[in-house]
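Enquirer: Before I ask anything, let me first share the structure, which is written out below as structure tokens.
The values are calculated or read from the model by the stated rules, or taken from the named source; none is laboratory data. This is a predicted model, so every value here is computed, not measured. Backbone-built Cβ (ideal geometry, glycine too); neighbour counts: all protein chains shown.
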Amino acid sequence: MSFADLGLSDELLRAVNDAGYSEPTPIQKQAIPSVLMGRDLIGIAQTGTGKTAAFVLPMIDILGEGRTRALMPRSLILEPTRELAAQVAENFDKYGVNHKLSMALLIGGVQMGDQVKALQSGVDVLIATPGRLMDLFQRGKILLTGCNLLVIDEADRMLDMGFIPDIEEICTKLPKQRQTLLFSATMPPVIKKLADKFLDNPKQIEVARPASTNINITQRLVEVKSGAFEKRKALRQLLGQEDVATAIIFSNRKTTVRELNKSLKKHGFRSGEIHGDMEQPARLAELDKFKKGDINILVASDVAARGLDIKGVSHVFNFDAPWHPDDYVHRIGRTGRGGATGTAYTLVAPEDAENIAEIEKLTGMKIERIKLSGDAATSDGKSRDEAPKRARGRGKPAKPAADAAPAADAPEEQEQRPARQARAPREERPARAPRPERDARPPRNDVREEPRRQRQDDDGPDDGWNGPVPDFLNFTLG
Ligand code: AMP
């Protein structure tokens, strides 16, 4: 089946062709004709399956007919995070090149004045995070009574972040007669309830088993000894021997992200970092550097794990096994996107064993274990192989290996807590607790999640933004 068989307009087919897509993905095949027919839809699909185009493409054709009206957006897409909202906006730009549709992005951390101005003249598509949208509502700056098409994207992530009450409220502000599309990687009971309440006889599509991993990704567990020092050493060895074009290295803690990035830089790698403690402009700038190739390694916390669509990530490294097994699926899903192949390595020290067991239980597969040869494997603490032997392509270290004296790691190692202590006991771990961006609201009623644990220390798992919104977040996107 080709894109031409799906009922899309010639203008869209040109845009799709220009995007380089030869064939629709399974979710696109199943969703696009139904959406064009005006049906409600539940799409159970992960990022990486082409789900964004599955709703953006038919929306462009639907909205291509009709006129914009001041203050009243004609369609609304709800996204859990600013990064995802910005990504969907990029998709609209890309696929909508041959249409004249207006779009506004309404996300936290961006000055509201400019966003309100865009809305006043009327938009065809409003892409918003729920918190910011509710803010505008309460100020009477927006009307959703002309909004006949609603997309709730990443619904399970919305649940994680405590957004479901907001979404319920937003749904009641839209006309009853409308088309609603809901996408979610999984279908927990709360999301099912939401769908039952707000969708009308939806077509249900499931393109991948929830929490299944992509077959294009080669996965390996790398056995290492305990401790951050050993892991850093093993990681450098892997980076040196693998054909790394671009890599995202995930870690459970912000402190580890920072320290690992510092250590990698010291060893001559072109790395950067992204985690929830960073200012929004700094996060975007770091992502931009990664996308442009100014750096080729991004050390990240799970805040960055979901949904980010960065082309050509050849490798994902898990510096530690994630506490929540579904985070593993999301992490490794940053590689092997759009049909490409990718490689995911997870460093496994004895303290990771429990988390690995949960991952294997969730994905229903046993991941192959490998051992590294040489010093990183023997772990005598006197590695001669501190710097990458070679990193090809954009992975070339910026500094020569001579920088990497074995002793260089020692002071860092002293600062680093032993891994066993660093890992919170199970009951203290954030149980899929809200990881809100700054405008997340506390959950309520039947969808109440475990309250987000207040962490005073800097060493907590990365839940996104901690505490109230600092002033620095008020900036304007260019
Ligand atoms: P998504 O699941 O929406 O995050 O999309 C994942 C990636 O697949 C994005 O980089 C899209 O540009 C790409 N993509 C979407 N549709 C197709 C297609 N039909 N063929 C190839 N790549 C696609």
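Enquirer: Filter segment 36-68 for residues that are of a type in the set (Val, Ile, Thr) and farther than 25 Å from Arg14 by Cβ; which is nearest to the ligand (Cβ to nearest atom)? Let's see the steps before the verdict.
Expert: Applying the first criterion (of a type in the set (Val, Ile, Thr)) to segment 36-68 yields 42, 44, 47, 49, 52, 56, 60, 62, 68.
The next check asks that each one be farther than 25 Å from Arg14 by Cβ; those that pass are 42, 44, 47.
Numbers: Ile42: 16, Ile44: 13, Thr47: 4 Å.
My answer is Thr47.
Enquirer: Among the residues in segment 84-91, are any under 17 Å from Gly122 (Cα atoms) and not β-branched (Val, Ile, Thr)?
Expert: Yes, segment 84-91 has at least one match.
Enquirer: Give segment 114-136 a look and list any residue that's in a helix (DSSP H, G or I) and in contact (Cβ under 8 Å) with a residue 40 or more places away in the chain, or say none.
Expert: Residues of segment 114-136 that are in a helix (DSSP H, G or I), as a first pass: 114-120, 130-136.
The answer is Asp114, Leu119, Gln120, Pro130, Gly131, Arg132, Leu133, Met134, Asp135.
Enquirer: Could you list, in sequence order, the residues of segment 69-83 that are buried (at least 24 other Cβ atoms within 10 Å of the Cβ) and within 14 Å of the ligand (Cβ to nearest atom)?
Expert: If the condition is that a residue be buried (at least 24 other Cβ atoms within 10 Å of the Cβ) and within 14 Å of the ligand (Cβ to nearest atom), then Ile77, Glu79, Pro80, Thr81 are the ones that fit.
Listed here are the residues, each with its yes/no results for (1) more than 16 Å from the ligand (Cβ to nearest atom); (2) farther than 26 Å from Ala85 by Cβ; (3) buried (at least 24 other Cβ atoms within 10 Å of the Cβ).
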site	(1), (2), (3)
Ser251	yes, no, yes
Thr255	yes, yes, no
Ala285	yes, no, no
Lys289	yes, no, no
Val299	yes, no, yes
Gly312	no, no, no
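Enquirer: Can you pull out the residues in segment 33-53 that are crowded, with 21+ Cβ neighbours inside 10 Å and assigned to a helix (DSSP H, G or I)?
Expert: Taking segment 33-53 as the starting set, the residues that turn out to be crowded, with 21+ Cβ neighbours inside 10 Å are 35, 41-53.
Residues satisfying the conditions are Val35, Lys51, Thr52, Ala53.
Enquirer: Keeping to segment 63-91, report how many residues are among the β-branched types (Val, Ile, Thr) and touching a helix residue (DSSP H, G or I) at 6+ places or on another chain (Cβ under 7 Å).
Expert: Final tally of qualifying residues: 2.
Enquirer: Separate question: Every residue in segment 65-86 that is at pLDDT below 90 and either of a type in the set (Gly, Ala, Ser) or part of a helix (DSSP H, G or I) (or both), please.
Expert: Within segment 65-86, Gly66, Ala70, Arg82, Glu83, Leu84, Ala86 qualify.
Enquirer: With the requirement that a residue be buried (at least 21 other Cβ atoms within 10 Å of the Cβ), at pLDDT 85 or above and away from the ligand (no atom under 16 Å from the Cβ), what does segment 92-124 give you?
Expert: The answer is Ala104, Leu105, Leu106, Ile107, Val123, Asp124.
Enquirer: Any residue in segment 142-159 that is within 23 Å of Tyr328 (Cα to Cα), modelled with pLDDT under 95 and of a type in the set (Val, Ile, Thr)?
Expert: Taking every residue of segment 142-159 in turn, none turns out to be within 23 Å of Tyr328 (Cα to Cα), modelled with pLDDT under 95 and of a type in the set (Val, Ile, Thr).
Enquirer: What do you reckon, is Thr186 over 30 Å from Tyr345 (Cα atoms) and either assigned by TED's automatic domain parsing to the domain that holds Val299 or β-branched (Val, Ile, Thr) (or both)?
Expert: Values: over 30 Å from Tyr345 (Cα atoms): no; either assigned by TED's automatic domain parsing to the domain that holds Val299 or β-branched (Val, Ile, Thr) (or both): yes.
Considered against the rule, which asks whether it is over 30 Å from Tyr345 (Cα atoms) and either assigned by TED's automatic domain parsing to the domain that holds Val299 or β-branched (Val, Ile, Thr) (or both), Thr186 comes out as no.
Enquirer: Scan segment 314-346 for residues that are part of a strand (DSSP E or B) and buried (at least 23 other Cβ atoms within 10 Å of the Cβ) and jot them down.
Expert: Across segment 314-346, the qualifying residues are His315, Val316, Phe317, Asn318, Ala344, Tyr345, Thr346.
Enquirer: From the set of residues in segment 1-32 that are more than 15 Å from the ligand (Cβ to nearest atom) and outside any loop (DSSP other than H, G, I, E, B), which is farthest from Gly64 (Cα to Cα)?
Expert: Asp10
Enquirer: A further question follows. Do you know which of the residues in segment 340-375 that are in contact with a Gly (Cβ under 9 Å, 6 or more places away or on another chain) and within 16 Å of the ligand (Cβ to nearest atom) is farthest from Ala53 (Cα to Cα)?
Expert: Selected residue: Gly342.
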